[in-house]
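The values are calculated or read from the model by the stated rules, or taken from the named source; none is laboratory data. Source: prediction; values computed, not measured. Virtual Cβ from ideal backbone geometry, glycine too; neighbours counted across all protein chains shown.
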Amino acid sequence: MLKKILTALIGITLATGTLADEASVKKNFEAKFGAKAESVTKSGYLGLYEIYADGQILYSDEKGSAFIVGPLIDGKTMKNVTQERLAKLTAIKWSDLPLDRAIKQVRGDGKRVFATFEDPNCGYCKRLAKEVQKLDNVTIYTFLYPILSQDSVDKSKLIWCSADRAKAWNDFMVDGKTPAGKVDCDTTAITKNQEFGRKLNISGTPTLFFADGERIPGAVPLEKIEAKLAQTASK
């Protein structure tokens, strides 16, 4: 009985100490950087604490004498620990995506799904648009997310007001044909997408979301998209 009590007390003490340390690191970070830390946890490496703030991860010792920005690699497995943690921390619920504000494209049976946030003037988005033309049996939800310039906003509105939004999007992104027509429809969806994207800390385009909620930023190679779609389809 005594052994069980001592074990329990040690566990409580360690847990309390860890929470106190994390709170101290959080307070220290926020005081020095003037930014809110959304979470602080022990990283499990070199006594460092993982600080998640503004959609990014950085590391610090307990006293905040130094801060490290950049990927943390596990020396045994060679896995990118930072990347894996970011995938978990930035994941969302698929059901939270306002799909009615996206351009929907269905190919084949459309069973595999993913969403993208894209700016029409983004070169990486145009590369992605050409790559996903090769996908089949997929449903793609493209959120117009103009963040580069006013011209991006203007083009997004023209595409959104087109009779066939998917065609207008592909004509411009794949073939370079500027959308014709007028901005004569309700374009509040674009403004709402911008607000929603900021809440999700989407700072670059393209940004992809898959059915399991995982976020993958950047012009993802087609092979990686196929692998992720296969992974989510099997769940």
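I need the full set of residues from the range 191-201 which are assigned to a helix (DSSP H, G or I), more than 17 Å from N121 (Cβ to Cβ) and in contact (Cβ under 8 Å) with a residue 24 or more places away in the chain, in order please.
K192, F196
Can you pull out the residues in the range 149-189 that are farther than 25 Å from L135 by Cβ and at pLDDT 95 or above?
S149, Q150, D151, V153, D154, K157, L158, C161, C185, D186, T187, T188
What are the residues in the range 43-68 that are under 18 Å from the mean Cα position of the chain (by Cα) and surrounded by fewer than 17 Cβ atoms within 10 Å (Cβ to Cβ), if any?
Selection gives D54, G55, Q56.
I'm checking my understanding of the structure. Among residues of the range 202-235 that are charged (D, E, K, R) and not in a loop (DSSP other than H, G, I, E, B), which one is surrounded by the most Cβ atoms within 10 Å (Cβ to Cβ)?
If we take residues in the range 202-235 being charged (D, E, K, R) and not in a loop (DSSP other than H, G, I, E, B), then R215 is surrounded by the most Cβ atoms within 10 Å (Cβ to Cβ).
For the range 143-180, what are the residues that are touching a helix residue (DSSP H, G or I) at 6+ places or on another chain (Cβ under 6 Å), more than 13 Å from C125 (Cα to Cα) and in a loop (DSSP other than H, G, I, E, B)?
S162, K177, P179, listed by residue number.
Scan K126, K76 and give me the residue that is surrounded by fewer than 15 Cβ atoms within 10 Å (Cβ to Cβ) and either part of a strand (DSSP E or B) or of a type in the set (D, E, K, R) (or both).
K76
Consider I10 against the criteria (1) modelled with pLDDT of 90 or more; (2) exposed (fewer than 13 other Cβ atoms within 10 Å of the Cβ): it satisfies all of them except one. Which criterion is unmet?
So I10 meets the others, but not (1).
Which one of P71, P120 is closer than 20 Å to G218 by Cβ and surrounded by fewer than 18 Cβ atoms within 10 Å (Cβ to Cβ)?
Residue meeting the stated conditions: P71.
Of the numbered conditions (1) surrounded by fewer than 19 Cβ atoms within 10 Å (Cβ to Cβ); (2) closer than 30 Å to A230 by Cβ, C185 satisfies every one except a single condition; which is it?
(2)
Contact list please: Cβ distance under 7 Å, first residue in the range 142-158 and closer than 13 Å to K192 by Cα, second residue crowded, with 21+ Cβ neighbours inside 10 Å and modelled with pLDDT under 95, pairs at least six apart or on different chains.
Here the result reads Y145/I202, each pair linking the range 142-158 to a residue that is crowded, with 21+ Cβ neighbours inside 10 Å and modelled with pLDDT under 95.
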